[in-house]
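Below is one structure; the comments refer to it alone.
Computed from the coordinates by the stated procedures, all read-outs in this text should not be read as laboratory data. This one's a predicted model, so the numbers in the text were calculated from it and none came from an experiment. All Cβ positions, even for glycine, are placed from backbone atoms using ideal geometry, and neighbour counts span all protein chains on display.
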Amino acid sequence: MKEELFVSGRDIPNIDPFLNIWHWQIPIYLYLGGLAAGILFFAGIFTILNKEKEMPATVKWAPMLVPGALVIGLLMLFLDLKHQLFFWRLYTTVRFESPMSWGAWVLMAVTPLSFIWAATYIKEIRPEWNWKFNLLEKFEAFAVKNRKPMAWIFIVLSVVLGIYTGILLSAFNARPLWNNSILGPLFLVSGLSTGTAVIMWITKNPRERIIMSRIDLVLIIVELFFITHMMMGMLAGSSVQIAAAGLFLGGQFTVSFWVFVIVLGLVFPAVLEILELAGFKIPVAIPALLILFGGLVFRFIMVEAGQITRYLY
Amino acid sequence: MMENNRKDRSQNYLNPYFGGVLLGIVLILTFYITGRGLGASGAAKSTVVTTIQSVAPEYAKKSHYVSQFISDDNHPMNNWLVFEVLGVFAGAFLSGTLYGRLKPRVEHSPKITSKKRLVVALLGGLLFGFGSQVARGCTSGAALSGMAVLSFGGIITMMGIFGSAYLFSWIFKRLWI
């Protein structure tokens, strides 16, 4: 009898019963990235449409939250890294086939731009603000003059950023729940929806709130359609995809997904927004908070559930 | 003036008889869809058990009462009553919106202050919560759902709750009229 030595990759710790190496940092990062993309997208759109005066919260005030959201999001990514001191290596290469490379470079572009955008509006809140150095004052004047080009860049980059938060998951071929092409657009729409929720929450302008409320309603309907479509696609797939969809259709994530994401995070706020458009008085914080909460739970569930699904049975 | 005021307020609410019919339909649908009745105090109990379990897990294991609701394969908050009560909040919010009652306020008799009303309501709630655990159900879980399936216990609970309400209203009526 010939003795043979078997080496199995499955001996690596954490591989069985399933590989779970992404924890709470990743969904928070995906959430904040999508939120930032949503706010910047609408800031860009309404700047190009010359609506700065009519839509002050969209163009000026909500984008002031974006640098904070992005910095906290990046901190989450950093916390997740195993070899934190080597994060800079992402910036030594450009790889079009790698979603992480896309994300690293998009964030490298969006984050400083969002700081500059917020800085150009500081003087509108505090007129006595002084940049101290002549160079900074000159740079501000330059940035204020170039808001339109920045707005165009925001529109493009925010779509890339929003889609990338989904692609980051869907690029994993070995995870049947994530590995579908609808996840990118779905995360983008969800991010846009959370962005509109923030804007309609902080605006003091009733007209602006109604406009954002209407946009949000459309986004919620599109999001519900994408979720349905994702489920349909998985149910029409191979048995691993059907098992992945089963996590939400009777499996262990059924209650959290349907109660917190679909009903409380999408349908109920949509009903409240419809009632508000019909003239009923509703404290805007309630639908806004529900949408924000639903979006966060959605990312937690997707990251958690996706890691359970796999091809090896 | 008083009459006028009452009329205005009555328009803020559903007709109570119609409301009762709706509640009955909800109860039938609940039995049909979930295979069990409605409840309310169970959600509060789940919340209390979860809180005790996270603050003092050792005590939760030792306590005869709390330990019976803790198991390794199910979180105490993963209970249909918890989600039902979330739905009750959402429904109450919708009803408040539709009837224009959606603003924070304390409902109380003009003869007492808001603070007194809140203190008395908290005491009453504590007593009712305790009673519901002794009686193994509250107005919804034991009386309403119990009577709907013609359970003798449900009828006794209903008589106990409303009978004692008649008795004690003589003492506590000054809090309302």
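Check each of the chymotrypsin sites (Phe, Trp or Tyr not before Pro) in segment A:49-103 and keep only those in coil by DSSP with at most 16 other C-beta atoms within 10 angstrom; list them in order.
Of the chymotrypsin sites (Phe, Trp or Tyr not before Pro), the ones in loops of segment A:49-103 whose Cβ has at most 16 other Cβ atoms within 10 Å are A:Phe96.
On alpha carbon coordinates alone, what is the Rg over Rh value for segment B:13-66, Rh being the Kirkwood radius?
We get a ratio of 1.25 for segment B:13-66.
On average over all directions, what projected area in square nanometres does segment A:44-172 have, based on the convex hull of its Cα atoms?
9.7 nm²
How about A:Lys132: which lysines have a C-alpha closer than 24 Å to its C-alpha, ignoring those fewer than 8 places off in the same chain?
A:Lys60, A:Lys123, A:Lys145
Under a GNM of chain A (C-alpha, springs under 10 Å), which listed residue has the highest mean-square fluctuation: A:Ala57, A:Ala141, A:Ala43?
Top of the fluctuation ranking is A:Ala141.
Please turn the phi angles of segment A:226-243 into ³J(HN,Hα) values with the Karplus equation 6.51 cos²θ - 1.76 cosθ + 1.60 (θ = phi - 60°), one per residue in order, whole Hz, x for glycine and proline.
Those phi angles translate into 4, 5, 4, 4, 4, 5, 4, x, 5, 5, 8, x, 6, 5, 5, 5, 5, 5 Hz.
Against the empirical 2.2 N^0.38 Å scaling, what ratio does the C-alpha Rg of the protein assembly as shown come to?
1.20
Report the gain in length on full extension from A:Asn146 to A:Ala285: 0.36 nm times residue separation, minus Cα-Cα distance, nm rounded to one decimal.
Contour length minus the Cα-Cα distance gives 46.7 nm.
Arrange the following residues from fewest to most other Cβ atoms within 10 Å of their Cβ: B:Trp176, A:Trp131, A:Trp117.
B:Trp176, A:Trp131, A:Trp117
Which distance in nm do the two modelled labels at B:Leu98 and A:Phe115 give, with both placed 7 Å along the Cα-to-Cβ direction?
Once both label points are built, they end up 5.2 nm from each other.
Can you list, bin by bin at 5 Å, the percent of alpha carbon pairs in segment B:57-177, starting at 0?
All Cα pairs considered, the percentages come to 2, 8, 11, 14, 17, 20, 15, 8, 4, 1, 0.
What ranking do B:Asp72, A:Asp216, A:Asp80 get, fewest neighbouring Cβ atoms within 10 angstrom at the top?
Ranking B:Asp72, A:Asp216, A:Asp80 by Cβ neighbours within 10 Å, fewest first, gives B:Asp72, A:Asp80, A:Asp216.
Can you give the FRET efficiency to the nearest 0.05 for B:Phe130 and A:Leu224, using r as the Cβ-Cβ distance and R₀ = 56 Å?
0.80
With the crude spin-label approximation of a point 7 Å out along Cα→Cβ, what separation in nm comes out for A:Val94 versus A:Lys138?
Simple spin-label model gives 2.9 nm for this pair.
Quote the charge dipole size of chain A about the Cα centre in Debye, to the nearest 20; the model charges only the Cβ of Lys and Arg (+1) and of Asp and Glu (-1).
Using only the charged Cβ atoms, the result is roughly 820 debye.
Within chain B, which complete DSSP H helices have Cα atoms spanning at least 15 Å along the helix axis and a mean Kyte-Doolittle hydropathy of -0.5 or higher?
Qualifying helices: B:16-34, B:41-55, B:80-98, B:114-134, B:152-172.
Taking the dipole about the Cα centre of segment A:158-273, with the C-beta of Lys and Arg at +1 and of Asp and Glu at -1, give me whichever of A:Ala197, A:Pro185, A:Leu247 is farthest to the positive side.
My answer, from the dipole projection, is A:Ala197.
Using Cβ contacts closer than 10 Å as the measure, can you line up B:Lys116, A:Lys132 from fewest to most?
Listing B:Lys116, A:Lys132 from fewest to most nearby Cβ atoms yields A:Lys132, B:Lys116.
Note down the Stokes-Einstein diffusion coefficient of segment B:21-113 in µm²/s, whole number, using a Kirkwood radius over alpha carbon pairs, 10 °C, and 1.306 mPa s.
99 µm²/s
Which of the GluC sites (Glu not before Pro) found in segment A:51-113 are in a DSSP loop and have at most 12 neighbouring Cβ atoms, other than their own, within 10 Å?
Answer by residue number: A:Glu97.
Multiply the residue gap between A:Leu235 and A:Ser181 by 0.36 nm, knock off their C-alpha separation, and tell me the result in nm, one decimal place.
Length gained, A:Leu235 through A:Ser181: 18.0 nm.
In degrees, nearest 10, range 0 to 90: what is the angle between the Cα axis of helix A:66-80 and the longest Cα principal axis of chain A?
So the inclination is approximately 20 degrees.
Taking the alpha-carbon centroid of each part, what is the distance from segment A:188-259 to segment A:103-124 in angstrom?
27 Å
Between A:Asp80 and A:Thr254, what is the spin-label point distance in nm, taking each point 7 Å from the Cα along the Cα→C-beta axis?
Distance between label points: 2.9 nm.
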